[in-house]
Structure formats: structure tokens, C-alpha cells
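Peer 1: Structure provided below as C-alpha cells; questions to follow.
The values are calculated or read from the model by the stated rules, or taken from the named source; none is laboratory data. These numbers were taken from a predicted model, which means no experiment stands behind them. Neighbour counts run over all protein chains shown; Cβ positions are idealised from the backbone, glycine included. Surface areas here come from the heavy atoms of the whole protein model, side chains and all, with no ligands, DNA or RNA. Shrake-Rupley method; radii C 1.70, N 1.55, O 1.52, S 1.80 Å.
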Amino acid sequence: MMHLIKYRLLQTLRDKTTMFWALAFPIIMSVFFYFSIGKSSFEDTFKEIPAALVETGTEEENKVFSKYLDSFDGQLLKLEPMSEEEALTALNEGRIEGIFYDDRSLSVSTNGILPSILETLLDSYVKNEAMLTTIANEHPERLPQAVQTIQAYSEMTEEVAVGGKTLDTSLSFFFALIGMTCLYGCFPAIQTMMETRANLSPLGARQCVTPTGKMKRICANFLVTYLIQLANVMLVLCFMKYVLRLDFGNQMGGMILICMFGSLIGNSLGIVVGASGKWSEAAKIGVLIGICMGLCFLGGLMTPDIRTYIELYVPIINRINPAAIISDAFYCLNVFDDSEKLTRCLATLAGMSVLLVSASFLMVRRERYDSL
Amino acid sequence: MTVFKGYMTLVKRNFHMVLMYLGIFLGIAVLTQTANSKKTEDSYETAAVNIAVIKEDDSRLADGLYDYLAEIHNIVSIGDEKKDIQDALYYRYVEYVVIIPQGYQEKFLNDGAKLQTSKLPQSESSQYIDAQINNYLNGVNVYYQSGYSVEEAVERASEQTKITGEIKLLDQNGNAGQREPFAEFLRFYPYIIIAILGLTVARIMMRFRSKRIRQRMACSAVSLSRQNMEGVLALCITSVGIWGITILLVLILYGNRFVLSPNKWYFLGNTLIITLSALAMSFLIGVLVKKETVLTSVVNTVALGMCSLCGAFAPLDLLGNNVKRVSQFFPVYWYELLNDMLGQFHELSEDMLQTIWKGYAIQLAFALACLFVALAISKAQRQEKE
């Protein structure tokens, strides 16, 4: 057995191209995610939203609103005075996101994110104006105090995760990415499985004539691919924590445990697809790609909201989808501090792995060939 | 046209794979569009979400805040134990939990104490709820500091929440300001086409690039350029076929909506050109990658990476300016820019038309660059010593 493991390990490690891409893919993706959806990308996103200011009158209160908007010019807004006609043309052409009128109204053409921010600015002004008007009428002696308090606007909420720890919301994408990396352990696993099938590869044919039992060979191959995949996932995790400086809290031990079970299910998936049917390697890889992408999508890699919809309408999918279970395990560890659900997630992953590996054993046991 | 026939034979043998990928990726696109369209409709107006308010304080302030949140969201009753909150968030019964502890009113008015909240990690609506609570409590604070009693301050703050600015949503595209739904679906198209072509076309290319096949073809009377051109032609036909199937799906899903859109020809042009860019990328990948086991990783890196940087998953509005400076080099960025523009505006100004033609040109230039690099590498591989 050790002999088989040793040479399988050497064979795999010497395939430098495969080893490189198995590690490079999740690292490159984590870098892309870091720059596109990570915290750093939001720091310079909402700057200088182009908007027009149309003056409709000369009332003093209109000028106050104009001055309020001017205070954001060059920071959140890129404000340009225009006539109404020019402003409507610019809005129609998409050169601006909205038209402020100095009678305290706003015209927009869509309901996207940038117009929502303009609406927030208007809303804030209108509310504060109403508040100060009320105070000026009812308690004019406290007006300076009111203005001072408005200027001292502060955050009144403090996010605390249920387990006492906070979590950057963008980390959910990275959890999904780690889940995807674990599942991608299916590809080296399917390759090793193909190499044990005599009818699918010449190496498999040669191995079949040896006295070494099929189960022993499969176990040795499975162990090697699992260890290598686990090492890859660990390296990706370390890269995210120490290079990208993502804040996973102090739960690295727990995260490593989750990665161990995640890598197990990934390899098991590859083993069972490799053992099934007489299709070519390309066909099986195609099936695996479809399965992995489908599972990762349903696990929230591309659209986080999909998990909520699935929970509402078909919750069983979230219970058996390995990508979703891996993500949930990370949440249980880092956010919810729920060891019971974490244990259930890991037990589900382990149970599914045992099921898949058992199925693959049943498919290939006692296979004999009349002629090769 | 022997080489052409050879390529088409391989395409025919792999056609079931193409159909499988199309089914999976288009299914993903339809589901993503369904999820994103709901988000787009609600992003401007405040959408009601399921929240939980654990009110341990019986003060006027706590009641006022509770009533305010109940008016705009769906308050779900859950237990106040840690396990109940864990379950409610884990099973997504609620997206947001706020706890108003006992004695909060005094602590807030005297010390400005903050409320503890817990959110579903992937929820975007929770950010709006934070802003709503902040605005309400700051309003109460202003009134209280201005000499009002707590009851009066809460009453005034609650009335104030009903005051909003006058906002007009101009209907420029005949769709009440919403993006066309097929534009949301087509936002996902670059990922579909790069993944499918990368996994099928590149695999076919790799077959023709294997050493023995290359050596045999090098001995033939057909010139290298002719071989490459026939190969490119065959793969172009395949790509256009896949594009056609996707457009057919758009017609099935959106019917008259798409047919009656005044920008439909621009949409068709945009999707066709990105298809050609994806083909060129797949051609280059097929020339560079030698092992099939590596192909999946390379294609996924290119497809997922490019699409996440260029606005296929997260809207372009959400990408940082620094990210956009880099992603402008990729054809997917220009595809998404044009797709958003065409989905938002029915009438296209001169500037918009110029942007459209510019976007087309950049995508085609990228495709040609990939193609030329692939052909150069192909020639170099032929000349290498073996």
C-alpha cells in the first residue's frame, strides 16, 4: 500500500502543469474577487456621481438647497448647473444620473444604485429642513442646539454577529470560492479513477493484470488525490488570510476542519463519476463541470440571493448541495457560533462522501474483462 | 475543405456536450436573471424584508422604533434566545435582527448607546435597514436635545419619517425606468459563451494540436494558413450556431418584448461580436494549453475572472474606478457597458451611437489580437524542433 501511495504521489507531483493550475485557479479568482467585490473596491466606487442642478427661482430657501448640494460637489457628486432642457437632454443621453431642482425635487430615469444615492441626499435634506422648521416654530431658542446635533449625526447601530463576532459581507463570496475549490478536487480524482479502468485507459489495462487488488489501488489513489487537494485548499486559505488579509477571525482550526471535509466530498464526487458508465474521459469531465458549476451557482457563488430563494421554495437543495453546506459551515463557525449546526454540516458532508465512495466501489467491484 | 470537414466532424461528435453545457449555463443565466430582476425592481424603492425586533424595553422610544419598522418591513416573531436568533438567520426566516435591550431609552438619551443588530451575511437589504434605524434615532435625538419630551420627540420623529423628497421617475424607455428584462438575462451571456466555447472549441483545437496530428498535417499539401483558416471557419460556424440557440431562447422567453425593442439589432450585434471575441480567446487557449486536465482550470479562470471584473455578476455601478480602469482592456467590459445602455435607453443619441461603435470596435480588435497571437504561436509550434 505504501508503495502504491509513494509512486502515485510522485506521479502526481511531477505533473507540474496540473499542479500549478489546481493551485493557481483559486488564488487568481480570490485576487479578482478581492478587487471586484471586496471591501477595497467600495472605497472609491461612489465618487462624483454626475448630476445636474436646475435653478427654478430666486427664493432664499432654494439657494440653501443649492448650497447643500454644492457641499457634496467634488466628493460624492459632480454637480453641473444647467437649464432644464439641457439637463433633460443630458439625462436622456446618460451623461448624468439625475436632475436636482432647487425647489427640492429630483428627476431620474432609472431606479438603479446611483439614482438611489441621489434620492438619499434629497431625502436627508428635506427631512432635516422639516425638522429645523418645526423646532424653529416651537422651540426657537434651541435652534442652535438642534443644528449642532444634526451636524453630530452618528451611527446608532452596531453589527454584532450572533456568536459575538462581526463579518464583512463580502467574505460570503470567498466562502463560496473555497467551497468551489474543495469541489474542484473532483477533477484529479476522476483522472486517477480513469487510470484504474482497464477499458478506458492503457494504464488501467496494465494495472488490471497485476495481482494488486482493485480496492487497494483505488484507496491509494483516493488518499493521494485527497491529500494533495487538501494541501491546495490550505494554501489558498493561507493566501486569503495572510496575503489578501481577509479577516476570518481566530477560527483557522475550524476552517481547516471544514476544508478537510470539503475536499473529501470533492474527491468522492470525482471518484463516483469516474467509476460510472463507459463514457470517455472528456464526457465525464463535461458532466463533472456541469455538476460543479450548477452546485456552486446554487451555493451562491455568482448570485448570493439564490440561496434565499432556494430556502424559501426548495430548501432540501440547500441541505444536500455540498457547496451550500460548506458555505453554511463557514457561517456557523464565523458568524453564528453554532457548533450544533456546524457538526451537522460536517456530518452531512462525511455521510455523502461515504455514500458516493461506496457507490463507486459497488460499480467497479468484480469487474472482469474477457479481452483487453 | 478537408480540414474544415475534420473540424466539423469533431464538433458533431461533441455536440451532445455543447447541448449539455448550453442547458446548464443557460439554466444558470435564467435563474440569475430571475433573482437579479427582483433586486433591480426593488433597489430604488425601499423593499420590505423579513426582520425580527426583539424588544426588551417597554419605553416610548422602543415602541416608536418598533412601530416605525413594522410600517416598512415584515416583522417576524422569533424567540429571544441566542439559538432562536441563530436558527432564524440560518434558515433565512429573517434577514435582520435588532435587539432593543431593557433600559435602552435612558442609555440612548444620556449616552448615545447603540443598538445591537445581526444580519444575514449575504443580505444587501440589511444596509438600508441600518440607514433607516440611524435616521430615526438621530431624528429623535435632535428633537430631544431641542427641548422636546421623549414622547414628543418620538412622535415628531415618526411623523418626520413620512416626509420624503419629490422624485420623478422619467419613463425614457417605455418600461417605467426599469431595464429591459432580456438585458438582465444577456448580462450573463459572456460567461456562458466563454465557458462553452472554452470547453468545447479549445478541446477540439487541442485534438488538432496534438503532436502526431500536427506532424501529419504538416506533411500535407495544404498550407498552414489554409488549414488555420478552414479551422477558424468551422469554429466560427459552431460559435454562431451556439449564439443562434441563445438568441432563440431569448425569443422564447421574452417574445414580443425583444422583437419590438428598437435596439434589438444592436443587442444582436453586441452578442454576436462578444461571441467572436470568446471564440478568439478559446482559439488561443486551445493553442496554448496542452493538457485536457488543465483546460477546465484555465477556462474557468478566464471566464469567471473576466466576468467578475467586468460587470457580468456585479453591476458596473458597483465596481471601483480602479477596477474599471483595468477591465476596460477586456471585451466583456464593453459588452456590459453597451448592454446596460441599450437596456436602459430606447432612443440613442449621437454620443451613445458613437460609444456603441467604439465598443464594437474594441471587442473586434481584442478578437483579432487573440487570433493573430494564436496563429503566430501555431506557426512557432510547427517550427519547433522535436
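Peer 1: Quick one: check the C-alpha center-to-center distance for region B:81-120 versus region B:200-251, whole angstrom.
Peer 2: So the separation of the two Cα centres works out to 60 Å.
Peer 1: Give the range of the longest stretch in chain B that excludes all trypsin sites (Lys or Arg not before Pro) found in loop regions by DSSP and having at most 15 other beta-carbon atoms within 10 Å.
Peer 2: In short, B:1-161.
Peer 1: Tell me, what HN-Hα J-couplings in whole Hz come from the Karplus equation 6.51 cos²θ - 1.76 cosθ + 1.60 at θ = phi - 60° for each residue of region A:180-195, using x for Gly and Pro?
Peer 2: 5, 4, 4, 5, 5, x, 5, 6, x, 5, 5, 5, 5, 5, 4, 6
Peer 1: What aspartates and glutamates sit close enough to B:K5 to cross-link, taking a C-alpha to C-alpha distance under 12 Å and skipping anything fewer than 8 places away on the same chain?
Peer 2: Partners within reach: B:E230.
Peer 1: Taking amide H atoms as placed 1.01 Å from N in the peptide plane, list the residues 5 or more away in sequence, or in a different chain, whose amide H sits under 5 Å from that of A:L77.
Peer 2: Sorted by chain and number, the residues that satisfy this are A:E48, A:I49.
Peer 1: List the residues, sorted by chain then number, that are 5 or more residues from A:E159 or on another chain and whose placed amide H is less than 5 Å from its amide H.
Peer 2: B:T117
Peer 1: Tell me which aspartates and glutamates have Cα within less than 16 Å of A:K278's Cα, excluding those fewer than 8 residues away on the same chain?
Peer 2: List returned: A:E195, A:E367, A:D370.
Peer 1: Here's another thing I want to ask about it. As a test of the definition: with a 1.4 Å probe, what buried accessible area, both sides summed, do you compute for B against A, in Å² to the nearest 100?
Peer 2: Interface between B and A: roughly 9100 Å².
Peer 1: Under 14 Å Cα to Cα from A:K241, which aspartates and glutamates show up? Leave out anything in the same chain fewer than 8 places away.
Peer 2: Hits, sequence-local ones excluded: A:D168.
Peer 1: Among B:K168/B:K264; A:K284/B:K290; B:K119/B:K168; A:K284/B:K379; B:K324/B:K358, which pairs are too far apart, with a Cα-Cα distance over 21 Å?
Peer 2: B:K168/B:K264; B:K119/B:K168; A:K284/B:K379
Peer 1: Any idea what diffusion coefficient region B:49-161 gets from Stokes-Einstein, in µm²/s, Kirkwood Rh on alpha carbon pairs, 25 °C, 0.890 mPa s?
Peer 2: Result for D is 171 µm²/s.
Peer 1: Still on this structure: From largest to smallest, what semi-axes in whole angstrom does the protein assembly as shown give when each is the square root of 5 times an eigenvalue of its alpha carbon gyration tensor?
Peer 2: After diagonalising the Cα gyration tensor, the semi-axes are 53, 35, 19 Å.
Peer 1: How large is ³J(HN,Hα), in whole Hz, for each residue of region A:28-33 in order, when computed from phi with the Karplus curve 6.51 cos²θ - 1.76 cosθ + 1.60 and θ = phi - 60°, using x for Gly and Pro?
Peer 2: So the Karplus estimates, Gly and Pro as x, are 4, 4, 5, 5, 4, 4 Hz.
Peer 1: Could you give the longest part of chain B that holds none of the chymotrypsin sites (Phe, Trp or Tyr not before Pro) found in DSSP loops with at most 13 neighbouring Cβ atoms within 10 Å?
Peer 2: B:92-328
Peer 1: May I pose another question? Counting only the heavy atoms of the protein chains, how much of B:V49 is accessible to a 1.4 Å probe, in Å² to the nearest 10?
Peer 2: My reading of the accessible area for B:V49 is about 10 Å².
Peer 1: Considering only protein heavy atoms, what is the solvent-accessible area of A:H3 at a probe of 1.4 Å, reported in Å² to the nearest 10?
Peer 2: 120 Å²
Peer 1: Karplus couplings for region A:240-253 from phi (6.51 cos²θ - 1.76 cosθ + 1.60, θ = phi - 60°), rounded to Hz, Gly and Pro as x?
Peer 2: Along region A:240-253, the couplings run 5, 6, 9, 9, 7, 6, 6, 8, 9, x, 9, 10, 4, x Hz.
Peer 1: Right, here's the next one. Using 0.36 nm times the number of residues separating B:Q328 and B:N256, minus their current alpha carbon distance, what extension gain do you get?
Peer 2: 22.6 nm
Peer 1: Carbon and sulfur together cover what percent of the accessible area of region B:123-213 at a 1.4 Å probe radius?
Peer 2: Accessible surface attributable to carbon and sulfur in region B:123-213 totals 48 percent.
Peer 1: Still on this structure: At 7 Å along the Cα-to-beta-carbon direction for both B:L364 and A:E158, put a label point, then send me their distance in nm to one decimal.
Peer 2: For the pair B:L364/A:E158, the computed spacing is 6.1 nm.
Peer 1: Given the Cα-Cα distance of A:M2 and A:M252 and 0.36 nm per residue of separation, how much length would full extension add, in nm?
Peer 2: So the chain would gain 86.9 nm between A:M2 and A:M252.
Peer 1: Heavy atoms only, probe 1.4 Å: what % of the accessible area of region A:47-151 goes to carbon and sulfur, would you let me know?
Peer 2: Carbon plus sulfur share of accessible area: 48 percent.
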